[in-house]
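For reference, the structure is listed below as C-alpha cells.
Derivation of every value follows stated rules applied to the coordinates shown; laboratory data play no part. In this text, all values refer to a predicted model and were calculated from it rather than measured experimentally. Neighbour counts are summed over all protein chains in view; Cβ atoms, including those assigned to glycine, are modelled from backbone coordinates with ideal geometry.
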Amino acid sequence: MMAASVRGDVPYAVAKKPWPQNLGNHRAVVRVETKADAVWAHLPWRRRDRQPGKKHILVVDAATGKEIANVARASIRREAGDLVFQPATVPGDYFVYTLPTVTHGRSFVRTVYPAPKATADAAWVKKHELSRDELTKGAVWARLPAATVVRFEARSAFHRFDPMEVIATADETKQLLAKHADSSYLFFPESRRHPICMTDDLPLCWVQRGPATTFKGTAHRGEFYAFQIGVWAARAALADVRVVFGDLRGEAGTLPAAAFRCINTGGVDWMGQPFTKRVDVPKGRVQALWCGVQIPKGAAPGKVAGTVTIQAKGAPAGTVSLELDVSPKVLEDGGDGELWRHARLRWLDSTLAVDDEVAAPYTPLAVRGGTVGCLGRRVAFGPVGLPQSVESLFPHSVDRTDAPPTAVLSRPMTFVVEGAGGVESFAASKTRTLKKAPATLIRETTSESAACRLVCWTKMESDGYINCRLSLTATRDTDVKDIRLEVPFRPEVAEFMIGMGKTGGRRPATWAWKWNQAKHQDSLWLGTVNAGLQMKLKGPNYAWPLVNVHYHHKPLDVPDAWHNGGKGGCGMALAKDGAAESVVVTAYSGPRALKKGQTLRFDVGFLVTPVKPLDLAGHWKNRYWHAHTPPEQAVQRGANVINIHHGNAINPYINYPFHRSRELAAYVARGHAAGAKVKIYYTLRELSNHITEIWALRSLNHEVFADGPGGGYSWLVEHLGSGYVPAWHHWFSDGDVDAALVTTGVSRLHNYYIEGLAWL
C-alpha cells in the first residue's frame with residue numbers, strides 16, 4: 001500500500017492488491033471499535049463527480065467479504081458523505097465502495113453507475129429513525145457511535161485522485177476568495193509532476209498552499225523543461241489569454257524569451273506553419289497553461305530568473321516570477337527518455353519531415369508546359385487552371401508504369417457560371433508558378449468574364465493528389481442560375497463507383513446526391529482497375545472527419561459555396577458529347593444572387609488512381625505474424641514480418657509505444673537477428689488514456705482529442721468527465737483497461753507522431 005497525500009486529515013493510498021472491477025475504483029477503509037447495532041461514518045471524500053447522490057454505495061465487512069445490507073444513506077454530497085450501517089465484525093474494518101460499476105461491452109465499453117438501492121431491513125431503519133423523512137428533518141444519526149475513516153484507497157495507482165483531483169469545499173474556496181478580495185483571477189504555478197486535471201474545481205492542495213506568483217524549478221542542460229501555470233478566473237471570465245515571456249538572466253547566462261513557448265496559445269501546425277490559438281477562460285474555470293523552455297547543452301550551471309506575463313483583454317496583466325536552477329548534468333536526449341518530464345511536448349511544434357521532397361516509390365514531378373507527370377500518371381491543366389486531361393500509364397495488372405496511356409476524361413473539366421444571359425465565358429487567363437519542388441507544384445491562374453473573376457489555385461503532389469481552390473469574385477451585381485463543376489469521364493473508364501452514398505460496385509446509369517451533415521459524405525471515385533479519379537468537395541472550413549464508427553460525433557462542416565443553403569448537390573449521368581458519350585459528374589450549387597465584390601470559394605480535391613504499382617512478388621514473399629511470441633518462433637514457423645500490436649508486455653498501450661521502449665528495442669533486435677522485419681502498431685486515430693501527456697493535451701481544448709459525449713471505461717468517466725469520444729478498449733488480465741480516446745482528424749499530434757517515429 002502506498003500512502004502519498006491526505007484528504008484533509010485522512011490519508012489517500014493505493015490498495016496492496018486490486019479488488020474486483022465491479023466494486024469500482026475507489027473505497028474508504030472505515031474502522032469500528034465499539035459494538036453497536038448502528039454506527040455513523042462521516043466520509044470527507046471530496047469527490048469530483050457531479051451527482052454522487054445518484055450513485056449506489058456498497059459497505060463490505062473486510063473480515064468476511066460479505067456485503068452489509070443494513071445501510072442508510074444519511075447525507076451524500078460532493079464534499080462529504082454520511083452513512084449509517086450495522087457492523088457485523090467488531091472490532092473490525094469495513095470497505096465503503098463509493099463508485100461501484102456495471103460494465104457493458106469489451107472493445108467498446110459503456111459504464112453504468114447503479115442508482116442507490118434500499119437494502120436495509122425496515123425494522124432496523126425504524127429503530128434508529130433512519131427513514132427518508134426522518135433523515136431530512138435533522139442529523140439524528142449524528143448521535144450514534146462514530147466509526148473512524150482510516151484512509152481512502154484507489155484500486156491501482158493509475159486510478160488514484162490525489163493530489164490534483166481532490167476538490168476543495170465551497171467554504172474553503174470562499175475563504176480563499178476572501179483572502180484575495182482584490183483579484184479577479186489567481187495564479188497557481190505547478191510542477192510537471194502534478195499535471196492540472198480539473199477545470200471546474202480547485203484541488204484541495206491549491207487551497208492549502210494558496211495562489212502564488214513565483215515558480216521555482218531545477219532543469220538540466222540540454223533539457224526541454226516543462227512547467228504549468230494554472231489560471232483561475234475566480235471572479236470574471238478571461239478573454240484571449242496571452243503569455244509573454246521575458247529573458248531569464250543570472251549565473252547560467254541568459255535564457256532568451258525566444259527559447260520559451262506556451263503550447264496553449266500557439267505553436268507550429270502539422271504543415272509547419274506558425275499559428276496562434278485563442279484561449280478564453282469562463283468565470284470560475286481553471287485553465288492550465290503548459291509552458292516550456294529549451295535549455296542549451298552549453299549553458300553554464302547556475303540560477304537564472306525572469307518573469308512571464310499573463311495578459312487578457314479587459315483585465316490587468318499578471319506576472320509570475322520564474323527561477324530556474326540549471327544543473328551541471330546534461331540530458332543528451334532533451335529529456336525524451338523520461339516520460340514524466342513532459343519534454344516531448346516540444347514535439348507538438350516539430351517541423352521534422354515537413355518538406356517537398358519525394359518519398360519512395362514516388363518520383364519527382366515532371367513539368368512540361370501545362371502537363372505535369374507523376375508516378376504512372378499525367379495531368380494536363382487547361383486555360384482556367386483545371387485539369388483538361390488525365391492519363392494513367394498503369395496496365396490492367398497495375399504492376400508497372402510503362403503501359404500505353406489510358407485517358408480518364410472524355411473532354412476537359414469545366415467550371416460553369418450560368419447567369420440569366422447564359423454561361424459566362426472566361427478568357428485572357430494568366431498563370432503564375434508559385435512554387436516548384438520535386439514533390440510539389442503550385443500554380444495560380446486568373447481568368448475574367450463579363451461579370452466575374454476566377455482565380456484557380458492548384459497544388460499537385462508527387463502521389464497524384466491535386467488540391468484546387470476556385471475563388472470566384474463578382475465584378476458586378478449578378479444573379480446566377482447555377483455555379484457548377486463538370487467532370488466528364490470516358491464510359492469505358494467509369495466502370496466502378498464508390499462514394500456519395502454509393503457503397504461500391506459497378507456504376508449505375510444515374511446517381512443523385514445531396515449534402516447531409518450527419519452522413520459526412522463529400523467525395524466519390526469513378527474508374528476502373530488501372531485508371532480512375534477521386535473527387536472531394538471542400539471549402540475553407542474543411543476539417544477531417546473522425547475515424548471509423550465515430551464519424552457521427554463530428555458532423556460534416558458543409559462548404560458554404562457548394563452547399564448554398566441546401567441547394568447544392570452532385571449528380572452523375574450519361575450524356576452525349578456530339579457523337580460520343582460521357583459519364584458526367586456534376587457538382588452543382590444552385591441559384592444565388594452575387595453582390596459586386598463578393599467572393600465564393602469552391603475547393604475540390606482530386607486523386608488520380610492507381611497511386612503506385614503493386615509489388616506482386618513482395619506480396620507473396622512477406623508472411624506476417626500477429627501473435628506476441630518470441631521472434632525466433634515466428635521465423636521458425638515461416639514468418640518474416642512480425643507485427644507488434646498493443647495489449648502485450650512490450651507494447652501495452654494503444655498508439656503509445658513508449659512506456660516499455662527498452663523491452664521493445666530488445667525484441668526488435670531479436671527479430672532482426674532472426675531475419676525478420678518488425679512493425680509496431682502506432683497510428684494517430686486514437687490514443688491511450690495511459691499517455692503521460694494526457695492532461696497537457698486535454699488542456700488544448702479539443703485540438704488533439706475530439707469533443708464528444710464522454711462515457712466508456714470507468715477511468716475515463718471518473719477522471720475526464722465529459723468532452724471526449726471513447727474509442728477502442730483493451731482489457732488486461734488483472735481487470736484493468738487501456739481505454740483509448742478518439743483524436744481529431746488533423747492536429748499537432750501529427751508532429752508528435754513523426755517525432756515519435758524518429759525516436760523509435
Problem - Under Karplus coefficients 6.51, -1.76 and 1.60, residue-wise ³J(HN,Hα) of the stretch 79-86 in Hz, glycine/proline x - result: 6, 7, x, 10, 10, 10, 9, 9
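Using unit Cβ charges (K, R positive; D, E negative) and no other charged atoms, how large, in debye to the nearest 20, is the dipole of the chain about its Cα centre?
Values: 92 positive and 71 negative charges, 109 e Å.
The calculation lands at about 520 debye.
Report the relative contact order of the chain, percent, no decimals, based on alpha-carbon pairs under 8 angstrom and at least 6 residues apart.
On the way: 1854 pairs, mean separation 75.5, N = 760.
The normalised contact order for the chain reaches 10 percent.
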Problem - the stretch 170-349, dipole about Cα centre (Lys/Arg Cβ +1, Asp/Glu Cβ -1), debye to the nearest 20 - result: 200
Practice task
Note down the net charge around ILE498, summing +1 for each Lys or Arg and -1 for each Asp or Glu among other residues with Cβ under 15 Å from its Cβ.
Solution key: +3
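Summarise the long-distance tail of P(r) for the stretch 258-378 by giving the % of C-alpha pairs beyond 19 Å. Mind showing how you got there, number by number?
Values: 4891 of 7260 pairs.
For the stretch 258-378, the share of Cα pairs beyond 19 Å comes to 67 percent.
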Practice task
Only helical DSSP H runs with n ≥ 4 go in: add -39500 (n - 2.57) per run for the chain, normalise by residue count and round the 222 nm mean residue ellipticity to 500 deg cm²/dmol.
Solution key: -2500 deg cm²/dmol
Fill in the blank from the handout: In degrees rounded to 10, the 0-90 angle between helix 749-759 Cα long axis and the longest Cα principal axis of the chain is 90
Completion exercise
With the 8 Å Cα cutoff and a minimum separation of six or more residues, the stretch 616-759 has a relative contact order in percent of 19
Fill in the blank from the handout: Partner lysines whose C-alpha sits under 17 Å from that of LYS677, ignoring same-chain residues fewer than 8 away, are LYS621
Practice task
Using only Cα atoms, tell me the angle between helix 661-673 and the longest principal axis of the chain; keep it within 0 to 90° and round to the nearest 10.
Solution key: 50
Completion exercise
Sparse-neighbourhood loop hits (trypsin sites (Lys or Arg not before Pro), the stretch 632-680; DSSP loop; Cβ within 10 Å at most 13 others) -> ARG637
Practice task
Using Cα pairs closer than 8 Å and at least 6 residues apart in sequence, work out the relative contact order for the stretch 422-500, in percent.
Solution key: 20
Practice task
Amide H neighbours of ASP463 under 5 Å, at least 5 residues apart or on other chains, H built in the peptide plane: list them.
Solution key: none
Problem - the stretch 191-269-the stretch 348-389 distance, computed between alpha-carbon centres (Å) - result: 43
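Report the net charge of residues surrounding GLY421, where surrounding means a beta-carbon distance below 15 angstrom and charges are Lys +1, Arg +1, Asp -1, Glu -1.
-3
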Fill in the blank from the handout: Labelled set [x] 62; [y] 25; [z] 34; percent of Cα pairs over 49 Å apart computed from this model equals the value at [z]
Fill in the blank from the handout: Rounded to the nearest 10 degrees, the helix 170-179 long axis (Cα) sits at an angle to the longest Cα principal axis of the chain of 80
Practice task
Report ³J(HN,Hα) in whole Hz for each residue of the stretch 238-255, in order, from the Karplus equation J = 6.51 cos²θ - 1.76 cosθ + 1.60 where θ = phi - 60°; Gly and Pro get x.
Solution key: 10, 10, 6, 5, 10, 10, 10, 8, x, 5, 9, 10, x, 4, 8, x, 10, 9
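Give me the number: length gained by fully extending THR351 to VAL244, i.e. 0.36 nm times residue separation minus the C-alpha to C-alpha distance, one decimal in nm.
Details: separation 107, 0.36 × 107 = 38.52 nm, distance 2.30 nm.
So the chain would gain 36.2 nm between THR351 and VAL244.
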Problem - Highest-first arrangement of 515-521, 458-464, where packing means the average Cβ count within 10 Å - result: 458-464, 515-521
Practice task
Work out the FRET efficiency for HIS628 and THR371 from their Cβ-Cβ distance, taking R0 = 41 Å, and round it to the nearest 0.05.
Solution key: 0.20
Problem - aspartates and glutamates with Cα under 18 Å of LYS17, excluding same-chain neighbours fewer than 8 positions away - result: ASP61, ASP93, GLU153, ASP734, ASP736
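Any of LYS277/LYS679; LYS117/LYS283; LYS430/LYS536 with alpha carbons more than 28 Å apart? Name them for me.
Values: LYS277/LYS679 36 Å; LYS117/LYS283 37 Å; LYS430/LYS536 26 Å.
Beyond 28 Å: LYS277/LYS679; LYS117/LYS283.
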Handout entry: Where labels lie 7 Å past Cα in the beta-carbon direction, separation of LYS216 and SER523 in nm
Key = 5.5
Problem - the stretch 506-528-the stretch 565-639 distance, computed between alpha-carbon centres (Å) - result: 12
Fill in the blank from the handout: The ³J(HN,Hα) series, computed from each phi in the stretch 445-452 with the Karplus coefficients 6.51, -1.76 and 1.60 at θ = phi - 60°, rounded to the nearest Hz and given as x for glycine or proline, is 10, 10, 10, 10, 10, 5, 10, 9
Practice task
For LYS35, list the lysines whose Cα falls under 25 Å from its own Cα; do not include residues on the same chain fewer than 8 positions away.
Solution key: LYS66, LYS126, LYS127
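What's the local net charge at SER462, with K and R +1, D and E -1, over the other residues with C-beta under 11 Å away?
Details: positive: ARG377, LYS612; negative: ASP356, GLU357, GLU461, ASP463.
Here the charged neighbours net out to -2.
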Completion exercise
Sorted on mean Cβ neighbours within 10 Å (highest first), peptides 531-538, 608-615, 37-44 come out as 531-538, 37-44, 608-615
